[in-house]
1. What is the one condition in (1) in contact with a strand residue (DSSP E or B) (Cβ under 6 Å, 6 or more places away or on another chain); (2) under 19 Å from Met1 (Cα atoms) that Gln99 does not satisfy?
2. Name, by its number, the condition in (1) surrounded by 14 or more Cβ atoms within 10 Å (Cβ to Cβ); (2) within 15 Å of the chain's Cα centre (by Cα) that does not hold for Glu54.
3. What do you reckon, is Ala51 among the hydrophobic types (A, V, I, L, M, F, W, C) and modelled with pLDDT of 95 or more?
4. Suppose we filter the stretch 127-166 for residues that are out of contact with any strand residue (DSSP E or B) (no Cβ under 7 Å at 6 or more places or on another chain) and at pLDDT below 85; how many remain?
5. Hey, among Arg102, Arg60, which residue is without any contact (Cβ under 8 Å) to a residue 40 or more places away in the chain, surrounded by fewer than 20 Cβ atoms within 10 Å (Cβ to Cβ) and under 27 Å from Glu128 (Cβ atoms)?
6. Within the stretch 30-46, identify whether any single residue is at pLDDT below 85 and either small (Gly, Ala, Ser) or within 14 Å of Asp112 (Cα to Cα) (or both), and answer yes or no.
7. Do you know which residues across the stretch 121-137 are of a type in the set (Phe, Trp, Tyr) and touching an Asp or Glu at 6+ places or on another chain (Cβ under 7 Å)?
8. What is the residue count in the stretch 58-75 for residues that are of a type in the set (Asp, Glu) and either within 22 Å of Met47 (Cα to Cα) or in contact with a Leu (Cβ under 8 Å, 6 or more places away or on another chain) (or both)?
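The values are calculated or read from the model by the stated rules, or taken from the named source; none is laboratory data. The shown structure was predicted, so the numbers you read here are calculated from the model rather than taken from an experiment. All Cβ positions, glycine included, derive from the backbone under ideal geometry; neighbour counts span all protein chains shown.
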Amino acid sequence: MVELKVLTLIVMNPGNPSFLVLEPLEGRAFEGKSRVVPICIGTHEAMGLGAVLEDMRFNRPTTHDLMMDALTNLDARIDSVLIHDVKDGTFFAQLVLAQHDRLITLDARPSDAISLALRQEAPIYIEEGVLEHASFPYLIREPVDEEQVVNDFKDFLNNVSPEDFA
């Protein structure tokens, strides 16, 4: 299993799919490249995840707030999320709950499970095979030192001659 973090959420207009983009935690990059896992989700699910990521509060509880309240009152907590399969672009996840000394595994949509996990800062995992099958390369770019770029250009201008263009 590989632990993931939310890289970004791309929310589209209603009627178009939105994307939750996950990436392995630090240390999984190789030669400046990482992998990202884009998960297609509905607009409503994206709005719910966006509310969690932006730490928004509402006057009335959302469905996920209700679930968290129920878990708390049942003396349970979110232990983790596991994305364990992908078939034809559809991801399958399990929400793992901890109650006293036992773990309870529930089938869940990744968007719901991740939304709940983010509320309790629980880890999100993906099976290695699913990561290999459903991820895409992601280029990690080093930040550009603009001052150095300007200095290099000034050096070029100071040393250029008409013969360089012959």
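1. Of everything listed in (1) in contact with a strand residue (DSSP E or B) (Cβ under 6 Å, 6 or more places away or on another chain); (2) under 19 Å from Met1 (Cα atoms), Gln99 misses just condition (2).
2. Checking Glu54 against (1) surrounded by 14 or more Cβ atoms within 10 Å (Cβ to Cβ); (2) within 15 Å of the chain's Cα centre (by Cα), the one that fails is (1).
3. Criteria not met by Ala51.
4. Total satisfying the criteria: 24.
5. Working: Arg60 fails: under 27 Å from Glu128 (Cβ atoms).
So the residue among Arg102, Arg60 that is without any contact (Cβ under 8 Å) to a residue 40 or more places away in the chain, surrounded by fewer than 20 Cβ atoms within 10 Å (Cβ to Cβ) and under 27 Å from Glu128 (Cβ atoms) is Arg102.
6. yes
7. The answer is Tyr125, and nothing else.
8. Total meeting the criteria: 2.
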